[in-house]
Amino acid sequence: MALDFVAITRLDIAGSTQFRRRTQCHKATATGGTCQEKTVAPSATHPNEGEMPYQTVLNELQRLKDLKNNWYSVAIAVGKLKHESDGPRQHARRLLDASDACGYLTNTLNRMLAVREFLDSVKDRIPELHAIDANTLPFTSLEVVKRLHHVDQNLGIQRLIDVATGRITIRRLREIYKSTVAKNTKFASAHQMARVEINDFEETALKAVRFSAEELLGRDNNLVIDHPPFSFQISAVAYESGTQEKDLPLYGFDFAFNRFFDKTSVCEFIRRTLFTSSFFQKYWIVFPSTFSVDRIKYFCLILDEFEKLSIGVVVLPWGDDRTELSDPYQLRVIRAPKTGPSPNWTQKIFKIIELQNNLHKPPHLG
């Protein structure tokens with residue numbers, strides 16, 4: 001009587017491919033025993049064969065959290081987690097479990113899955129990628145390449161090679177993507193076109209508030225205005241020069257290009273503004289001039305109703321106004337701050353950031 005057993009079933013998470021290896025030994029009493037070893041690729045007729053338990057994949061994701069370069073391995077593990085036979089049935093619950101284990105937000109995990117799918121679809125055709133661990137490739141650059149590839153496949157492949165060989169910066173890559181979308185609007189999706197315009201607005205708004213710092217923040221200030229060096233949902237902050245890493249930011253800015261596209265976004269923007277403004281001495285909202293006058297007026301009335309006198313509102317020339325004016329960075333003040341914030345939480349900003357980050361820390365997984 002023959003005795004069959006599976007010796008090894010393994011998922012290679014750290015490598016660039018997933019495979020299962022089965023070593024089968026067949027011992028037949030008639031022959032005195034023989035052993036055959038073979039490697040079997042995953043079978044389409046046995047999709048669940050050799051699956052790792054759900055908790056095992058979560059443990060692996062927690063281990064990957066400690067690695068510096070891990071995005072590709074995380075994407076593989078999350079992809080595996082989505083198709084495990086055990087574990088929660090709801091896809092959203094599985095993604096939340098993965099987020100708790102590895103520390104990435106669920107939105108980031110979805111982006112990693114999409115970038116990994118793109119990279120896997122093209123890497124076999126690119127010799128420069130064959131000997132490279134995908135984890136070492138910058139995820140943000142690959143995400144821009146993926147979008148570029150959607151608009152211009154050949155250019156996308158060329159820039160992917162540049163990323164793999166370290167010949168291009170993320171800033172240059174974004175410039176190429178932006179110009180390519182502008183030249184190929186019929187191939188770009190509505191989302192891509194909107195994202196390019198939002199980025200353009202945010203870059204212009206940052207230059208504009210720097211240009212108008214004296215008017216917005218007061219004379220004789222020694223302030224540096226830049227993107228926040230911490231995780232906080234705000235476009236820019238102002239610091240005393242040379243104190244970015246140790247002192248509290250004094251002023252905050254929100255570049256509100258696309259905040260009113262539906263009722264949900266309007267409510268979220270209002271709640272965020274009322275909450276976030278209390279962490280800064282002054283808080284400025286920058287709207288594009290393409291926003292209707294009535295919308296901005298009603299927004300200011302809401303601020304008045306809640307007595308949010310530390311919030312200022314300015315308008316940045318945009319669309320036709322941008323091309324018609326000699327100074328595209330000239331801000332028009334609609335509402336100027338009058339007092340400090342109420343309630344005043346300016347001393348608590350780093351505390352709230354710390355507590356927010358703790359919410360994303362995964363629980364201990366046994």
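So, D100, is that one over 30 Å from Q158 (Cα atoms), of a type in the set (D, E) and in a helix (DSSP H, G or I) or not?
Answer is yes for this residue.
Only residues that are in contact with an Asp or Glu (Cβ under 9 Å, 6 or more places away or on another chain), outside any loop (DSSP other than H, G, I, E, B) and at pLDDT 85 or above: list them for the range 224-240, please.
Result: V224, A236, V237, A238.
If we only count helices (runs of 4 or more DSSP H) wholly inside the range 247-366, which ones have 3 or more residues that are among the aliphatic types (A, V, I, L, M) and modelled with pLDDT under 85?
Where helices (runs of 4 or more DSSP H) fall fully within the range 247-366 and carry at least 3 residues being among the aliphatic types (A, V, I, L, M) and modelled with pLDDT under 85, they are 349-359.
What are the pairs, 6+ residues apart or on separate chains, where a residue within the range 144-159 that is buried (at least 20 other Cβ atoms within 10 Å of the Cβ) has its Cβ under 7 Å from a residue that is at pLDDT 90 or above and outside any helix (DSSP H, G or I)?
Filtered contacts from the range 144-159: R159/I168.
The values are calculated or read from the model by the stated rules, or taken from the named source; none is laboratory data. The structure presented is a predicted model; accordingly, all values stated were derived computationally and were not measured. Neighbour counts are summed over all protein chains in view; Cβ atoms, including those assigned to glycine, are modelled from backbone coordinates with ideal geometry.
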